[in-house]
Amino acid sequence: MSFRKRNVDQQPKLPAGSRLSAYNGQLLISTGVPSLDDILGGGLPVGTVLLIKEDRATTYAQLLLKYFMAQGIASGHHCALATRDEDPGELMHNLMWLATTDADEDEDHDKRKQAQQSESDRMKIAWRYSHLKSFDSSLKAKPASPIAPASPSSISLKDLGKSGSGLTKQSQPAAGTTEPPPQQLPFCSMFDLTKRIPQQILEEASVSLIEPPPEDGSMDDYHVLLESIRKIIIEGNFSSALPAPPNTTRKALRLGIHSLASPGWQMKSPHDLYKFLHGLRGLLRFSFGAAVVTVPAYLYDESPFFIRRIEHIVDAVIEIESFAGSSVHNDAPYTQNYHGFFHVHKLPVLNSLLPPSTKLSVLSGGGSNDLAFKLRRKRFAIETFHLPPEGGMGVRQTEPTPTAVKKATVKEKLCGSLPGKKDLLEF
């Protein structure tokens with residue numbers, strides 16, 4: 001019996017900007033937010049659908065969708081965007097971009113760094129604790145290198161026009177084209193919210209903008225959208241069921257759908273949305289792609305079973321609950337540190353019995369769901385929720401408060417004797 005060494009060149013190569021899960025070997029792509037990747041178990045598995053329930057008063061769900069698209073362009077992936085309420089081209093032009101220098105770090109990190117450097121203001125409990133790592137409830141990504149140049153198969157956005165099928169500005173790679181090997185790009189980049197994606201990089205990127213047909217009531221938007229996605233997967237060589245041409249490097253597909261099931265989407269039957277989600281999930285299961293869908297769930301508060309059925313169809317569900325406009329959280333002391341709660345309702349489970357986050361996650365390890373998010377000037381972060389100390393830390397109390405004095409007076413009246421008389425039980 002002879003043994004032959006495996007040839008490395010003949011092994012299938014992973015798409016750029018992706019990695020394998022250490023838990024179940026599933027191919028993962030980043031969402032653009034390091035803390036969200038940690039909650040999902042290392043990243044978003046290829047072939048899954050992530051549902052984000054929008055908030056009533058804010059656009060944090062749209063911000064997460066922008067992170068997903070910006071990370072795809074930075075990793076050299078093919079990005080497809082569909083929306084009915086806003087202009088998809090304007091949404092792509094407003095994407096955030098990379099923070100490539102150390103000066104792009106947020107002000108929270110600078111304050112923590114200055115506090116660690118000031119030895120006079122730091123209180124040492126014991127000498128054995130001085131070399132221990134400081135506690136941090138958040139995750140941080142490394143700065144990213146410049147993205148790889150666009151492949152010859154990608155077509156500029158300004159050179160493409162509309163088509164009758166509702167698919168616009170789509171770059172269609174030619175079959176059998178040979179592409180250079182992808183550069184070593186970071187899995188998750190660090191973005192700066194104060195920066196916008198350069199126009200040249202956006203024109204060189206592989207982007208498809210899916211626009212629904214005109215609002216005349218004659219066509220079903222969900223059917224047109226599903227057929228457009230099917231066309232992108234087949235013509236872009238993203239299907240894993242079809243063999244790839246020789247000497248061709250596969251790319252990952254990122255699909256973003258903004259405000260699905262909003263009143264702007266036309267449908268002939270309420271079940272058309274369920275059919276679309278089932279069809280989308282079936283297409284992505286046999287393709288090198290993943291989807292992020294935002295849904296205005298607050299519009300369906302009177303019919304909770306509608307949203308619950310949608311949650312059952314998709315693979316992962318997260319919800320953003322902002323403190324803005326809420327009378328319950330406005331006066332709470334934790335609103336100074338956080339901007340809202342981050343709820344995880346469902347996690348993707350592929351090739352395993354349990355979600356990978358139960359073993360690999362730092363923020364939500366063991367199934368805990370006490371998470372909150374904060375939006376700073378340059379970044380969006382998800383952290384473990386902690387209540388602030390009662391009474392605050394900025395004021396040093398040397399005298400008892402009026403409330404404590406009042407309680408002590410009442411206690412003396414209840415436990416002692418009448419005024420002017422000695423209690424027989426006192427000794």
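The values are calculated or read from the model by the stated rules, or taken from the named source; none is laboratory data. Only a predicted model underlies this, so the values are computations on that prediction, with no experimental measurement involved. Here Cβ is always computed from backbone atoms with ideal geometry, including for glycine, and neighbour counts include all displayed protein chains.
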**Study point:** Flag for residue 278 being surrounded by 19 or more Cβ atoms within 10 Å (Cβ to Cβ), within 18 Å of residue 220 (Cα to Cα) and either modelled with pLDDT of 95 or more or not small (Gly, Ala, Ser) (or both)
**Key:** no
Study note, to complete from the structure: residue 338 meets each of (1) crowded, with 19+ Cβ neighbours inside 10 Å; (2) touching a helix residue (DSSP H, G or I) at 6+ places or on another chain (Cβ under 9 Å); (3) aromatic (Phe, Trp, Tyr) with one exception, condition (2)
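Identify all residues within segment 254-283 that are part of a helix (DSSP H, G or I) and not acidic (Asp, Glu); write none if there are none. Let's see the steps before the verdict.
At the first step, the residues of segment 254-283 found to be part of a helix (DSSP H, G or I) are 272-283.
Correct list: 273, 274, 275, 276, 277, 278, 279, 280, 281, 282, 283.
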Exercise for review: Take segment 341-386 and flag every residue that is surrounded by fewer than 19 Cβ atoms within 10 Å (Cβ to Cβ), aliphatic (A, V, I, L, M) and touching a residue at least 40 places away in the same chain (Cβ under 8 Å).
Suggested key: 350, 360, 362, 375
Check your understanding: Looking at (1) surrounded by 13 or more Cβ atoms within 10 Å (Cβ to Cβ); (2) not in a helix (DSSP H, G or I), which is the one condition that is false for residue 310?
Key -> (2)
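Among residues belonging to segment 44-100 that are in a strand (DSSP E or B) and of a type in the set (Gly, Ala, Ser), point out the one that is farthest from residue 186 (Cα to Cα).
82
Condition first: among the basic types (Lys, Arg), outside any helix (DSSP H, G or I) and in contact (Cβ under 8 Å) with a residue 40 or more places away in the chain. Can you find one or more residues in segment 222-230 that meet it? So that I can check it myself, show each step before the final result.
Residues of segment 222-230 that are among the basic types (Lys, Arg), as a first pass: 230.
In the following step, the residues that additionally are outside any helix (DSSP H, G or I) were identified as none.
Taking every residue of segment 222-230 in turn, none turns out to be among the basic types (Lys, Arg), outside any helix (DSSP H, G or I) and in contact (Cβ under 8 Å) with a residue 40 or more places away in the chain.
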Review point. Which one of the conditions (1) assigned to a loop (DSSP other than H, G, I, E, B); (2) at pLDDT 90 or above; (3) more than 21 Å from the chain's Cα centre (by Cα) does residue 174 fail to meet, given that it meets all the rest?
Key: (2)
Point to revise | Within segment 271-312, tally of residues that are over 20 Å from the mean Cα position of the chain (by Cα) and within 12 Å of residue 255 (Cβ to Cβ) | key: 2
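Does residue 211 meet the test of being of a type in the set (Asp, Glu) and either surrounded by 16 or more Cβ atoms within 10 Å (Cβ to Cβ) or at pLDDT 90 or above (or both)?
yes
Quick one: is residue 196 among the basic types (Lys, Arg) and either out of contact with any strand residue (DSSP E or B) (no Cβ under 9 Å at 6 or more places or on another chain) or buried (at least 19 other Cβ atoms within 10 Å of the Cβ) (or both)?
No: the conditions fail for residue 196.
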